[in-house]
1. Any residue at all in segment 153-160 that's in contact with a His (Cβ under 8 Å, 6 or more places away or on another chain), under 25 Å from I294 (Cβ atoms) and at pLDDT 95 or above?
2. For segment 111-140, how many residues are within 25 Å of K357 (Cα to Cα) and either hydrophobic (A, V, I, L, M, F, W, C) or not assigned by TED's automatic domain parsing to the domain that holds M151 (or both)?
3. Report, by residue number, each residue of segment 369-423 that is modelled with pLDDT under 85 and within 28 Å of A338 (Cβ to Cβ).
4. Determine the pairs where a residue that is β-branched (V, I, T) and surrounded by fewer than 19 Cβ atoms within 10 Å (Cβ to Cβ), located within segment 74-87, has a partner that is at pLDDT 95 or above and not in a loop (DSSP other than H, G, I, E, B) with Cβ atoms under 8 Å apart, the partner being 6 or more residues away or on another chain.
5. Checking D102 against (1) of a type outside the set (V, I, T); (2) modelled with pLDDT of 95 or more; (3) outside the structural domain of S160 (by TED's automatic domain parsing); (4) touching a strand residue (DSSP E or B) at 6+ places or on another chain (Cβ under 7 Å): exactly one of these is not met. Which one?
6. Go through (1) of a type in the set (S, T, N, Q); (2) under 26 Å from I206 (Cα atoms); (3) not assigned by TED's automatic domain parsing to the domain that holds I115 and name the single condition Q228 misses.
7. Tell me the residue from W297, W257, W304, W358 that is among the aromatic types (F, W, Y) and assigned to a loop (DSSP other than H, G, I, E, B), please.
8. T243 - would you say it is in contact (Cβ under 8 Å) with a residue 24 or more places away in the chain, among the polar types (S, T, N, Q), under 30 Å from S345 (Cα atoms) and touching an Asp or Glu at 6+ places or on another chain (Cβ under 9 Å)?
Amino acid sequence: MKSKLLVASLLFGLLLPAHAIAATKAGDSCKQEGKIQKVGNNSFECRAVANGRQILVKVTNNRPAITNIQSPNQLSTCQLTDQRTKVSAPHSIAFPNKYAYDGFKPAGEHEFAVIPIDFPNSPGKGKPSEIYAPELKKIDEWLAWYTNGKMKYKWQVKDSWIRAPLPSSQYTWIHPGNSGTQGRDSWIFIQELVDLSLKSYDLKNISGVFFIYPRDVKDIEDAYTAVQGLNIPGNVGRGYAVTATGQWLYRNKYPIWAWFIHELLHPHGIAGHAPAYPEQFGIAHNQSGMGLNINTWDSIILDWANPEDIFCIDQNELTKVSLTLVPMEREQKGVRSAVIKISDSQVLVVESHRKDKWGSTFKDGFYGVMTYLVDTTVDTDRTGEFQGQDDGKGVQWTRNANYLTVPGVNHGQYAAQKVVKGVGVQTPPFWDLNYVMYQGESLTYKNVKVSLTKTGDNDTVQIERIK
């Protein structure tokens with residue numbers, strides 16, 4: 001009799017729908033980070049959380065505006081001034097931006113001539129627009145979002161190659177810190193290319209030139225970047241931004257648009273290259289990093305941030321607040337970061353990150369909160385970087401901002417996953433994930449505690465003052 005009842009029970013269980021036996025829900029354990037499970041109309045993503053666990057998190061494609069409580073302080077409270085006693089290079093690390101080059105105020109419209117150049121030994125193939133058109137489109141989109149429409153570029157373009165008179169080996173340039181052999185003086189050959197373009201371009205109102213070389217250009221390894229004087233009829237004696245592609249960009253399939261923006265941010269005034277390690281979370285630090293957003297502090301320096309973008313509070317007024325943040329890589333309305341004034345020279349900045357439009361190369365399932373300390377008495381010193389000796393961690397050669405590690409965790413190294421001949425392998429870049437805060441974790445700087453209390457489409461943080 002018992003056997004018949006057991007068989008009947010098993011059959012009954014098999015006939016039940018799966019959700020009646022064990023419904024999949026948010027918070028369930030999972031094994032494969034980034035894997036999406038669909039249950040009916042719901043989607044769940046496997047993410048890492050505190051204590052070495054991985055759980056299912058409900059996600060959607062909805063991106064409504066995020067509403068938080070009003071920032072208790074004006075943005076000006078968090079716009080700390082430059083208090084360095086040593087300045088290694090004429091670039092801004094604090095507000096206001098004192099070091100924008102003449103003609104490069106980070107506001108309004110700036111015109112650039114996009115000039116395709118090929119060479120006798122490296123003739124151009126196809127239309128140059130096949131190279132530059134998608135890059136210019138991305139630059140326009142990036143500027144529209146991250147400057148809040150405060151600055152844009154105007155492009156002067158032609159869709160035919162201009163032939164340089166000499167082989168490409170005569171137009172090489174070596175970026176400081178790199179090895180190699182440079183051809184002629186760069187100031188000479190850049191002027192030569194500008195002179196060639198005068199028949200086709202009207203350069204009198206430009207802010208710079210952007211030379212596009214063929215994808216298979218020979219000999220030219222480094223992508224050129226400089227601000228230099230050019231002899232342009234009707235406008236002689238000012239500095240122009242000069243950029244040019246090279247094998248380094250093409251061979252590594254780096255985003256040309258991001259490299260262009262990165263290089264122009266320097267004449268627009270900022271030092272960039274901070275917060276220090278890991279260098280994956282801002283276009284001003286790494287033009288080929290994973291998060292190609294502008295970080296909060298740089299947006300404050302450039303005066304691109306709107307007051308509603310940032311929750312600003314003096315720690316002396318802080319008790320406890322819960323905020324839902326817009327990921328820095330996403331185009332979504334709402335508070336993008338929290339900035340807590342610690343002193344007249346220090347602020348804590350709290351940002352959310354994940355794979356999204358401007359962070360498309362993060363691995364599936366990556367998310368987290370990053371917290372960094374800005375100290376406006378500290379110089380961003382790139383001397384060691386140019387010497388090829390800096391490890392980029394802000395120790396021997398300082399950075400004005402540094403990420404804080406999450407205490408007591410062991411997240412391991414970041415590594416993407418791919419399948420090679422049916423076997424899953426880890427691929428670079430590798431970097432320390434202990435700087436990334438997962439749901440259920442927290443860190444404290446002095447008497448300010450930051451906790452990530454909930455993740456999903458967005459991250460919710462709790463910021464409180466403790467004794």
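The values are calculated or read from the model by the stated rules, or taken from the named source; none is laboratory data. Note that the structure is predicted; figures quoted are calculated from it, not measured. FYI the Cβ positions are ideal-geometry reconstructions off the backbone, even for glycines, and counts take in every protein chain you see.
1. Here is the first cut: in segment 153-160, the residues in contact with a His (Cβ under 8 Å, 6 or more places away or on another chain) are 153-154.
Keeping just the survivors that are under 25 Å from I294 (Cβ atoms) gives 153-154.
Adding the requirement that they be at pLDDT 95 or above leaves 153-154.
Yes, the conditions are met somewhere in segment 153-160.
2. Of the residues in segment 111-140, 4 are within 25 Å of K357 (Cα to Cα) and either hydrophobic (A, V, I, L, M, F, W, C) or not assigned by TED's automatic domain parsing to the domain that holds M151 (or both).
3. Of everything in segment 369-423, just one residue is modelled with pLDDT under 85 and within 28 Å of A338 (Cβ to Cβ), namely G392.
4. The qualifying pairs are T77/C312; T77/I313; T77/D314; T77/K341.
5. Status for D102: all satisfied but (2).
6. Going through the list (1) of a type in the set (S, T, N, Q); (2) under 26 Å from I206 (Cα atoms); (3) not assigned by TED's automatic domain parsing to the domain that holds I115, Q228 breaks only (3).
7. None of the other options fit; the residue is W304.
8. No: the conditions fail for T243.
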